[in-house]
1. Can you tell me the length gained on complete extension of the stretch ILE93 to HIS108, counting 0.36 nm per residue apart and subtracting the Cα distance?
2. Pop the C-beta distance of ARG82 and LEU11 into the FRET formula with R0 = 30 Å and round what comes out to the nearest 0.05.
3. Compute the acute angle (0 to 90°) between the alpha-carbon long axis of helix 108-120 and the principal axis of greatest extent of the alpha-carbon atoms of the chain; round to the nearest 10°.
4. Kindly provide the helix-only [θ] at 222 nm of the chain, computed as the sum of -39,500 (n - 2.57) over DSSP H runs of four or more divided by all residues, to the nearest 500 deg cm²/dmol?
5. Want the number for ALA38 to ASP160: 0.36 nm per residue separation, take away the alpha-carbon distance, what's left?
6. Could you tell me the extents of the chain's C-alpha atoms along the three principal axes, largest first, rounded to whole Å?
7. What are the ³J(HN,Hα) values, in whole Hz, obtained from phi via the Karplus relation 6.51 cos²θ - 1.76 cosθ + 1.60 with θ = phi - 60°, for each residue of the range 68-77 in sequence order, with x given for Gly and Pro?
Amino acid sequence: MTWAEICDDKLLATLPYRIESDRWGNIVMSPPPRSRHAEYQGVITVQLQERMSGGLTLAECPVQTTEGVKAVDVAWVSQERRKSKPNDPAYLIAPEICVEVQSPSNTHEELMERKRLFFEKGALEFWLCGLEGQMTFFDPAGEVPQSRLCPEFPKTVVLD
């Protein structure tokens, strides 16, 4: 199935799962995130939006990769990049910042694969929020001490 067909499927829209696709167009479902994951996702979304201008902060942003459509937990995309393909069902060019929030079920290899896929699609930074809110920042060359696009972003996300 194409991503547009997946998005338009009324039955799939009723399922309580996160839906992505693999490189062959097969549907990949995973259970909804736990509350702590959602809390980190929400706080990161707000903090990123407060610190960045000239774009939008998005949750569950679909990006078409070489391995299918993957949903970025939190993304920041510039207005320029966002408007380059306004009607596509998934981003063909990744948002500038792609953030993954680690879940207990995630393996390191899985998260690093997502990092690779988003960089292949043009992301400028990949951020990883660990299980306790610790942030790790990457650019295409590797790990960096802080975000270059949003240097004020904290190195630890605190849940109040």
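1. Gain in length upon complete extension: 3.0 nm.
2. 0.50
3. The answer is roughly 80 degrees.
4. -8000 deg cm²/dmol
5. 42.6 nm
6. 41, 34, 27
7. Running phi through 6.51 cos²θ - 1.76 cosθ + 1.60 with θ = phi - 60° gives x, 8, 10, 8, 6, 4, 9, 9, 10, 10 Hz.
None of the figures in this text is laboratory data; all of them are computed from the coordinates on show. These figures come from a predicted structure and were not determined experimentally. Here the Cβ is made from the backbone with ideal geometry for all residues, glycine too, and neighbour counts use every protein chain on show.
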